[in-house]
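These notes are about the structure you will find just below.
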Amino acid sequence: MSVHLQPIPLFPLDVVLFPGMVLPLHIFEDRYRQMVRDCMIRGETFGMVWTENEHVELLPDRPLIGTKAMMTEIMPFPDGRFNINTVGSERFMVHELSQQEPYVVGSIEPFPSIGGDSGSAQHYMKTLTGLFTTYMALLGETMGQEVTLDPLPDDPMILSFIVAILYQCQNWRKQELLSIRSIPELMSCEIEILRIENPLLRDALQMREMDRMAPLIVGSLAIYGLN
């Protein structure tokens, strides 16, 4: 079965964009200024792909998955730069790359999520919601901030993307999460991650408390001549 491929400008960046994720961008390179102007003229979006060095390549054993970036606000500068606000929309898979423009153009096909309304996804909802709520509270405590979450969605796909967006990890790990098509599989992976992360955060908080208490303990021992 032939696949209908759509050409789309690609913006490589050391950021992983997920559907629903808001991402402000400052566009200053000439080639990407041109990309934004072309998208404005054509009424098109561009695609975000993760890379550590701005070089986009296709590897035979690793599909290149990205996310379309919808420009919700465009603020041009007199010198040609742009500040733009974007939000991630649909995921896609890149099949071919070309350099017909100053920027890279990818030939893509949609990479839609599957299984979001399955019984398996619903089965994971309660566990993932609980673990993620705990994770955010512990994360806030480690940063000395109180984290107040809005009510989490009851849609498995949206919940799984929110978890992936807010999970603090290296970008290669986020890219792995972005590349999981099955929502139940993504949720299961996130549950495994949080079951590891939450105890680690608790241990870090306990170590911090012990470090904080150590001078007080030493001081008390000195008072009683026990040090």
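What follows is calculated from the coordinates using simple rules that are stated; it is not laboratory data. Note that the structure is a prediction, hence the values are computed from the model and not measured. For neighbour counting, all protein chains shown are included, and Cβ atoms are generated from backbone atoms with ideal geometry for every residue, glycine included.
Once a ≥ b ≥ c are taken as the square roots of the eigenvalues of the Cα gyration tensor of the range 54-183, is the result rounded (a/c under 1.5), prolate (a/b larger than b/c) or oblate (a/b not larger than b/c)?
Details: a/c = 2.12, a/b = 1.39, b/c = 1.53.
Oblate.
List the trypsin sites (Lys or Arg not before Pro) within the range 62-147 that DSSP assigns to loop and that have no more than 16 neighbouring Cβ atoms inside 10 Å.
Values: sites: 68, 81, 91, 126; in loops: 81.
Those that pass, being in a loop and sparsely packed, are 81.
Exposure proxy check: 39, 169 ranked by fewest other beta carbons within 10 Å?
Ascending Cβ contact count within 10 Å gives the list 169, 39.
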- Item | For the range 54-89 and the range 147-176, distance of Cα centres in Å | 20 Å
- Determine the gain in length on full extension of the stretch residue 61-residue 134; use 0.36 nm per residue of separation and subtract their C-alpha separation, reporting nm with one decimal. 22.7 nm
- Option label - Kirkwood radius over Cα pairs in Å computed here, alternatives [x] 19.0; [y] 18.4; [z] 20.2: [z]
- What ranking of 26, 4, 95 emerges when the number of other C-beta atoms within 10 Å of each C-beta is taken as an exposure proxy, fewest first? 4, 26, 95
- Mind telling me which of 115, 20, 43 comes out most flexible in a GNM of the chain, alpha-carbon contacts under 10 Å? 43
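With a sphere of radius 14 Å drawn around the Cβ of residue 94, what net charge do the other residues whose Cβ falls strictly inside it have (Lys, Arg +1; Asp, Glu -1)? Don't skip to the answer; put the middle values down first.
Numbers: positive: 62, 68, 91; negative: 57, 90, 96, 109.
The answer is -1.
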- Query: So what is the relative contact order of the chain, in percent, for Cα pairs below 8 Å that sit 6 or more residues apart?
  - Reply: 21 percent
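Among 16, 105, 147, what is the fewest-to-most ranking by other Cβ atoms within 10 Å? Don't skip to the answer; put the middle values down first.
Details: 16 27, 105 18, 147 14.
Ranked by crowding around the Cβ, least crowded first: 147, 105, 16.
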